[in-house]
Amino acid sequence: MKALKTYNSKVSSEKENICFLVKDILKFLCDSSDAINEEILFEIKVILNELLQNAVKHGNKDDSSKSVKVCAGITASNSVYFIIEDEGEGYDCGCICDEEGGPDEMADICDLKESGRGMLIVSSLCDKIRFNKKGNKVIVLKKLK
């Protein structure tokens, strides 16, 4: 996967930074590609908001001395990717995603705790989602068309 353009940022783990990051990444994407329609932009906004909220709240436990790294890029195959990494202890993604990276067919969204629904929504909006072994880094791929 070769990136045509990339975006990189590292911010302190504060909720106030999430809105700034989402807006900045969306601006980067819109400036970098004319192929993104409003529906895709909305889905990207949902994905980013959820992943960044998780990194700040669950990963770094709202500890502003910790940081969140964000990398985004547009590929030659007209996809966008996001890599979000926190400094937390990690997340057991096996409870939400199967080994293929998609939503667990056995999971009923109504039975999930409030905090588990976001990752199921993110999984449904992405074309691919992967976690590192520790569970503190997520990589998401979304086609722009």
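Structure data summary
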| read-out | value |
| --- | --- |
| Extreme residue, modelled with the lowest pLDDT, among residues of segment 1-48 that are among the hydrophobic types (A, V, I, L, M, F, W, C), buried (at least 17 other Cβ atoms within 10 Å of the Cβ) and not in a helix (DSSP H, G or I) | ILE36 |
| Residues within segment 36-60 that are touching a strand residue (DSSP E or B) at 6+ places or on another chain (Cβ under 9 Å) and touching a residue at least 40 places away in the same chain (Cβ under 8 Å), tallied | 11 |
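The values are calculated or read from the model by the stated rules, or taken from the named source; none is laboratory data. Keep in mind that what you see is a predicted model, and the values were worked out from it rather than measured. In this analysis, Cβ positions are derived from the backbone assuming ideal geometry, glycine residues included, and neighbour counts consider all displayed protein chains.
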